[in-house]
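Peer 1: Quick one: structure below, then a few questions.
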Amino acid sequence: MGDTGAAAADDPRVLVLMGVSSSGKTTVAKLLAKHLGWDYEEGDELHPQSNVDKMHAGHPLTDEDRWPWLEKVADWIEKETDAGKNGIITCSALKRSYRDVLDRRGAGVLFVYLAGSRKLIGERMAARHGHFMPTSLLDSQFADLEEPARDEPSMEIDIGPSPEQITQAIIDELGLDTRT
């Protein structure tokens, strides 16, 4: 696990649930938002249509494709922290350079890396229906993945347990209070 951040309990914090496609980002983020009462944003919804079309056609995104999307994600994070709110957003955030864009202020962002084996994630992806990311792009996601380094505000969570157990592990690790 990396540096889990030095934000005070009263400071706004945004959790960025990151990892390759089908690692459970959306499922866990929704559960966390429900338990914590924090704002939630589905990062995939911020992709320009051209990115969605490209991925749907089976073509991996380039860095150039990702920069405008990452800026939108970073804007959402900044809006939350500027308003003094806690939030949760999903974003693959596969490379350190992407995470640097998202954490452009260097405070209040914590990357929650949902980590799993290629085999497990491939099985999950194959079972998923209605998502624009085809299984053929999973290898490109793993090729791009740069796991968070120790000096990044991050924590690593194994995706083997149930989504509810993963959610509770995050809450416990961060010492967060849940809504009543």
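Peer 1: Go through the stretch 40-70 and give me each residue that's among the acidic types (Asp, Glu) and farther than 24 Å from Lys30 by Cβ.
Peer 2: Asp53, Asp63, Glu64, Asp65
Peer 1: May I pose another question? Any residue that is under 26 Å from Gly106 (Cβ atoms) and not in a helix (DSSP H, G or I) - is there at least one of those in the stretch 59-73?
Peer 2: Taking every residue of the stretch 59-73 in turn, at least one turns out to be under 26 Å from Gly106 (Cβ atoms) and not in a helix (DSSP H, G or I).
Peer 1: Could you please tell me which pairs satisfy a Cβ distance under 7 Å, a separation of 6+ or placement on different chains, a first residue in the stretch 56-80 that is more than 17 Å from Glu41 (Cβ to Cβ), and a second residue that is surrounded by 15 or more Cβ atoms within 10 Å (Cβ to Cβ) and aliphatic (A, V, I, L, M)?
Peer 2: Close Cβ pairs (under 7 Å, with a partner that is surrounded by 15 or more Cβ atoms within 10 Å (Cβ to Cβ) and aliphatic (A, V, I, L, M)) amount to Gly58/Leu137; Pro60/Leu137; Leu61/Met55.
Read-outs throughout are calculated quantities, based only on the coordinates presented, and are distinct from any laboratory measurement. Here the structure is a predicted model, which means the values were calculated and not measured. Glycine also receives a Cβ, built like all others from the backbone with ideal geometry; neighbour counts cover every protein chain displayed.
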